[in-house]
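**Student:** Pasting a structure below so you can have a look.
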Amino acid sequence: MSTIRKILLVAVIVLLVAAPFISQFGAVSASSHREAPLISQDPLADNTDLYAFVSPDRPDTVTIIANYIPFETPASGPGFFSFDPNAVYNIYVDNDGDAIPDVTFSFQFKTTIANTGTFLYHLGNPGLGPDGTAGGDAVIRSLNDPDYNLKQTYTVTMLTNRNTPFGKSRVHNVLGADLIVPPYNIGPGATPNYEANLASRAIYDLPGGIKVFA
């Protein structure tokens, strides 16, 4: 067991999946698997851990946390790891013990780069904006700050199996779109007041009592 920082999805579903406020958690110790030959070649899709537990602050809900990407450390910049926009990240929920998912939460990501002239996660030229003009300061103060250069957004879809007179059917329900993944906590110089300005604002309330964070 080792303490590492890994990319994660937190989905909060009333009576199914729920996430308490992220700031309640400190350092987390978890396993970091990379033993399967095929998935080791695709680390962005490597699901290293999945946790499910009754939410301590809301016992009528359940929290599910999925971790991805093994053996990445917080000091992995300036090219920080991210979700794969070509992958679909699914969390399966079986409510009746038949090993068939009754509910599936599907996450799909999109990456945008404001300034394609730099590879830096936040704009690395103080005094320049994302288009090269004056105005930027290489500091990310909000989820929509123009200095948040390499940004990921995502869509969450809930797929539910339902019985009909013609057999089972799958209902697709888009719970949220264009949700923003917060930037990494680079440090007080680049991401000041990280919890208040960035992380807490990336916890989204979705229909049905659902909360989600990526």
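**Student:** Against the definition (more than 14 Å from the chain's Cα centre (by Cα), over 27 Å from Ala52 (Cβ atoms), among the polar types (S, T, N, Q) and at pLDDT below 90), how does Thr191 come out, yes or no?
**Tutor:** no
**Student:** Please determine, by comparing only the residues of the stretch 114-141 that are surrounded by fewer than 14 Cβ atoms within 10 Å (Cβ to Cβ) and in contact with a strand residue (DSSP E or B) (Cβ under 9 Å, 6 or more places away or on another chain), which one is modelled with the highest pLDDT.
**Tutor:** Looking at residues that are surrounded by fewer than 14 Cβ atoms within 10 Å (Cβ to Cβ) and in contact with a strand residue (DSSP E or B) (Cβ under 9 Å, 6 or more places away or on another chain), I get Phe119.
**Student:** What's the number of the only condition in (1) surrounded by 12 or more Cβ atoms within 10 Å (Cβ to Cβ); (2) modelled with pLDDT under 80 that Arg170 fails to meet?
**Tutor:** (1)
**Student:** Can you tell me how many residues in the stretch 58-85 are farther than 23 Å from Asn185 by Cα, free of Cβ contacts under 8 Å to residues at least 40 places away in the same chain and surrounded by 11 or more Cβ atoms within 10 Å (Cβ to Cβ)?
**Tutor:** 0
**Student:** With (1) part of a strand (DSSP E or B); (2) β-branched (Val, Ile, Thr); (3) in contact with a Phe, Trp or Tyr (Cβ under 9 Å, 6 or more places away or on another chain) as the list, and Ile186 as the residue in question, which single condition is left unmet?
**Tutor:** Of (1) part of a strand (DSSP E or B); (2) β-branched (Val, Ile, Thr); (3) in contact with a Phe, Trp or Tyr (Cβ under 9 Å, 6 or more places away or on another chain), only one is false for Ile186: (1).
The values are calculated or read from the model by the stated rules, or taken from the named source; none is laboratory data. Here the structure is a predicted model, which is why all the values come from computation and not from measurement. Cβ sites come from the backbone with ideal geometry, for glycine too, and all protein chains shown count toward neighbours.
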